[in-house]
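First the structure, in the form of structure tokens, and then the observations on it.
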Amino acid sequence: MKVLIIEDEGLASERLENMLKEINPAVEILDCIKSVDDAIDWLNANNEPDLIISDIQLSDGLCFDIYSEKRPDCPVIFTTAYDKYAIQAFEVNSIDYLLKPIQKEKLEQSLDKYASLNNSDQHQQDAFEQISKMLRQQKAEYKTRFLIRVGQKIKAIAVEKIAYFYTQDKMTYILTKEGQKYPVDHSLEEIDQVLDPKYFFRINRKFIVHIDAVKEINAYFKGRLKLYLTPHIEEDIVISSEKTPTFKAWLDQ
């Protein structure tokens, strides 16, 4: 099997290549491409692979920009660090996905699936277009500001000015990068659904943090991580061992 990897994270690409070799030593990795433009050039200049494993969000755009220029006949396995996007569409259209960090057994299941899957050219193209459209629509719907009440006035806080959201005494608060604290009339569950996951991560049941607010990370008991945020807050912020791999992948984007 000849495989093309499209992935802009060097460590993720190397890890994926090693797992493929462990699963099937006969796998030939044709190349590891990091950008939309380079992938289009590669597909135009080379024979098509047997399989493409492609990250959705690349450094210069969504991977679907590749397939709008060069439509592949071979099956594609998509990878993503964000499980809140497109999962239902992947399942409906029988296009597989792998949630980062990719697990070996999941990758093996995907390879087995594609050994028997009927991937007609038109079927794949229709699915590409549907998923791409949904992703772009969701991306455009991320919240850009939050309205908060200050006395008798209403103030708009732009999301790029927010360091993190947190709960305290059954209230939800915004803390800005300048250290200003404001109550907000939304639960963390509601807020998590409208933030861009490229920049915000739900650490635990009490915190959603902006990527720039992560000041320091320390190993903690039983595979967990302890975070120190900026601006500082007098509270232990711990990530569970189950969530640690996804958090590391998010930081390493």
Quick one: which of Y228, Y182 is at pLDDT 90 or above, surrounded by 15 or more Cβ atoms within 10 Å (Cβ to Cβ) and either part of a strand (DSSP E or B) or touching a Lys or Arg at 6+ places or on another chain (Cβ under 8 Å) (or both)? Y182
Might you check whether a residue that is surrounded by fewer than 16 Cβ atoms within 10 Å (Cβ to Cβ) and over 16 Å from the mean Cα position of the chain (by Cα) occurs anywhere in the range 51-64? no
How about the range 236-252: which of its residues are surrounded by fewer than 13 Cβ atoms within 10 Å (Cβ to Cβ) and touching a residue at least 40 places away in the same chain (Cβ under 8 Å)? L251
Filtering the range 171-225 down to residues that are among the polar types (S, T, N, Q) and closer than 21 Å to D236 by Cβ yields T172, N204, N218
Of everything in the range 185-225 that's among the aromatic types (F, W, Y) and in contact with a Phe, Trp or Tyr (Cβ under 6 Å, 6 or more places away or on another chain), which residue is surrounded by the fewest Cβ atoms within 10 Å (Cβ to Cβ)? F207
Of all residues in the range 231-253 being at pLDDT 90 or above and of a type in the set (A, V, I, L, M), the one that is farthest from E14 (Cα to Cα): I233
Considering I29, I66, I52, which residue is farther than 19 Å from L11 by Cβ, of a type outside the set (D, E, K, R) and in a strand (DSSP E or B)? I52
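The values are calculated or read from the model by the stated rules, or taken from the named source; none is laboratory data. Worth saying up front: this structure is predicted, and the values here are computed from it rather than measured. Cβ atoms come from the backbone with ideal geometry, glycine included; neighbour counts cover every protein chain shown.
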